[in-house]
Every structure is written in structure tokens, then in C-alpha cells.
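Heads up, the thing below is written out as C-alpha cells.
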Amino acid sequence: MNLIPATNYDEASKKAAEFIAVQIKGKSDSVLGLATGGSPVGIYERLVDAYRAGLDFSQVRTVNLDEYVGLASDHPQSYAYYMHTNLFRHINISLDNVHIPDGTDRNIQQQCASYDRLIGELGGIDLQLLGIGHNGHIGFNEPSTEFTKGTHCVDLTQTTIEANARYFERETDVPVKAYTMGILHIMQAKKVLMIACGSDKARILHRAFYGPVTPEVPASILQFHPNFTLIADNQALQYFNKNTLN
Ligand code: GLP
């Protein structure tokens, strides 16, 4: 693991955006795997700044990790809406090059197969950005008895529903299912970058990276990724011995 500590969320966002900018400058048609949630918002702000300062997204291709089942792309809590609002509409990316699972497709098999096919056609993911859920989920790969492979439809756990309820008017409005890329896709990305900030992420980060590799903590599989970088602030790293992980 490559550990990049930061003093706070702003610095972590800046370092993560720089990491992504270096990827795009090195390969202008990079396939970026993108994440949603609160953690990457600061990164996307910085990437918009980088675009305004000259970073070219015109050849960049993106695949998002996940989407709620039942939410259309114009629903304010859909991840498609989030991506357009926080990033895509502010940069010169071609909308033909952005990909997000279609939450309105109720044909689970068809939606999952077509997303898997798409990732294959793009040639896989060059850099996958991740946050981490409090139970160790990545994308929407919830704790389980086995590591998932390709795109699939998950039943969200109660803790994830509660954590994401802050974005909805009522907890009962949170969709109970989501499409998500599988763990295999994430592990096949050439590089993986995780951002985690705040003391509420400290315990799960420690469990994921000091504990056993187990599907009960999906993020723990990243211990085996050959090119994994964690950017985290001091609060999230409070249980880490920073000398033992590099
Ligand atoms: C959601 C997303 C994940 C994200 C996680 C943590 O469940 N599906 O991709 O990593 O929340 O979100 P946050 O960054 O808001 O803590």
C-alpha cells in the first residue's frame, strides 16, 4: 500500500485530485472509475479547478461504481445527477464517454451484463477512485460471505441505508437496492485510489488494512492490490502506525 497522509479533508482532496490529474496527463484517454458519496466531492471541485487551469478531459472515459435501483438520472439523489452536478457539467468531458449503471433498468441480468460488457470494451479501468462505507463496503459491495465478481444488484444493508439517509428527506425514501460494479472489476483496475477522512472512518480503515482479508470487510481485499494508494487525513488514520504500511 502507498499511504499518503493529509492534515485535513481539503489537503486530502487536493492530493487526490493531483493524483488523478497526473493519470490524465500521462494517458489522455484514461478510463477512470469514479465514486460518489461525500468523500470525493472535494476531489471533484479540485478537478474542475484543474480543468479551468488547462487539464483536458476531452478524451477521458469514465465508469461509475454504482447507482440506486429505481432512481432515474434526473432524480436529485441519483448518482448520475451527482456526477453531472459535481463534475461532468463543469469540464470538457464528452457525455458519450461517461457511463453509469442505469437505475431505471429493472432487468437486472441485462443491466449487469451490459455494464460488464462495457467495462470490457473500454479495456478495463486505469484508475479506480473509491470511498469506504462504515461497514467496509466499496462501491455498494456490502459485507458478505464471498467476494463479488462482476456487476450485480445488491440489497443495501440497514447501516448503509442509515448512512445515506442524510441525502434524502426521509430514511424510507432511500432505495433498498443498487447496482454496483463487483470486487473483481475493482481489483482488476490498474491503480486504485481510496480517499477516507474523518474520525468516523478510523475504525473501519484499521479493520480493513490491519485485519484479515475477508469478504465481511470488502475493502480488506485491497491489501492484495498491487497498486493501491490510500489518501486519508490524520483523524481517519488515528489507529494506523504509519511506519508499517509503506
Ligand atoms: C456510498 C457509496 C460508496 C461510498 C460510501 C461512503 O454507499 N456507494 O461508493 O464510498 O457511500 O460514502 P461517504 O464518502 O459519504 O462516507
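Remarks
- Unique residue being buried (at least 16 other Cβ atoms within 10 Å of the Cβ) and under 16 Å from the mean Cα position of the chain (by Cα) when the list is ASP102, ASP116, ASP126: ASP126
- Condition broken by ALA6, with the remaining ones in (1) away from the ligand (no atom under 16 Å from the Cβ); (2) more than 26 Å from TYR167 (Cα to Cα); (3) surrounded by 15 or more Cβ atoms within 10 Å (Cβ to Cβ) satisfied: (1)
- Single condition GLU45 does not satisfy, out of (1) of a type outside the set (Ser, Thr, Tyr); (2) assigned to a loop (DSSP other than H, G, I, E, B); (3) closer than 21 Å to ILE4 by Cβ: (2)
- If you filter segment 190-202 down to residues that are crowded, with 21+ Cβ neighbours inside 10 Å and either modelled with pLDDT under 95 or not charged (D, E, K, R) (or both), you find that the one that is farthest from the chain's Cα centre (by Cα) is CYS197.
- A single entry from GLN128, GLN158 fulfils the requirement of being touching a helix residue (DSSP H, G or I) at 6+ places or on another chain (Cβ under 8 Å) and either closer than 26 Å to ILE231 by Cα or without any contact (Cβ under 8 Å) to a residue 60 or more places away in the chain (or both): GLN128.
- Residue check for TYR68: buried (at least 21 other Cβ atoms within 10 Å of the Cβ), more than 24 Å from LEU47 (Cα to Cα) and aromatic (Phe, Trp, Tyr): yes
- Hits in segment 137-151 - residues which are out of contact with any Phe, Trp or Tyr (no Cβ under 7 Å at 6 or more places or on another chain) and surrounded by 23 or more Cβ atoms within 10 Å (Cβ to Cβ): HIS137, ILE138, GLY139, PHE140, ASN141
- Counted residues, segment 161-202 - those being small (Gly, Ala, Ser) and touching a helix residue (DSSP H, G or I) at 6+ places or on another chain (Cβ under 6 Å): 2
- Those residues of segment 22-42 which are farther than 25 Å from GLU162 by Cβ and either at pLDDT below 95 or in a helix (DSSP H, G or I) (or both), in sequence order: VAL22, GLN23, ILE24, LYS25, GLY26
- The residues on offer are SER94, SER30, and the sole one that is hydroxyl-bearing (Ser, Thr, Tyr), in contact with a strand residue (DSSP E or B) (Cβ under 7 Å, 6 or more places away or on another chain) and either more than 16 Å from the ligand (Cβ to nearest atom) or free of Cβ contacts under 8 Å to residues at least 24 places away in the same chain (or both) is SER30.
So that you can scan it fast, the table gives a plain yes or no per residue for (1) modelled with pLDDT of 95 or more; (2) farther than 21 Å from VAL60 by Cα:
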site	(1), (2)
ASP126	yes, no
LEU156	no, yes
ASN164	no, yes
GLU169	no, yes
TYR179	yes, yes
ILE183	yes, yes
GLU216	yes, yes
ALA236	yes, yes
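- Where helices (runs of 4 or more DSSP H) fall wholly inside segment 121-223, the ranges with 3 or more residues that are more than 13 Å from the ligand (Cβ to nearest atom) and out of contact with any Cys (no Cβ under 9 Å at 6 or more places or on another chain) are 183-188, 202-210.
- Hits in segment 48-76 - residues which are away from the ligand (no atom under 16 Å from the Cβ) and either in a helix (DSSP H, G or I) or charged (D, E, K, R) (or both): VAL48, ASP49, ALA50, TYR51, ARG52, ASP56, ARG61, ASP74
- Output for segment 203-223, where each listed residue is within 18 Å of the chain's Cα centre (by Cα) and surrounded by fewer than 19 Cβ atoms within 10 Å (Cβ to Cβ): PRO215, GLN223
The values are calculated or read from the model by the stated rules, or taken from the named source; none is laboratory data. Everything quoted here is computed from the prediction, not taken from an experiment. Cβ atoms come from the backbone with ideal geometry, glycine included; neighbour counts cover every protein chain shown.
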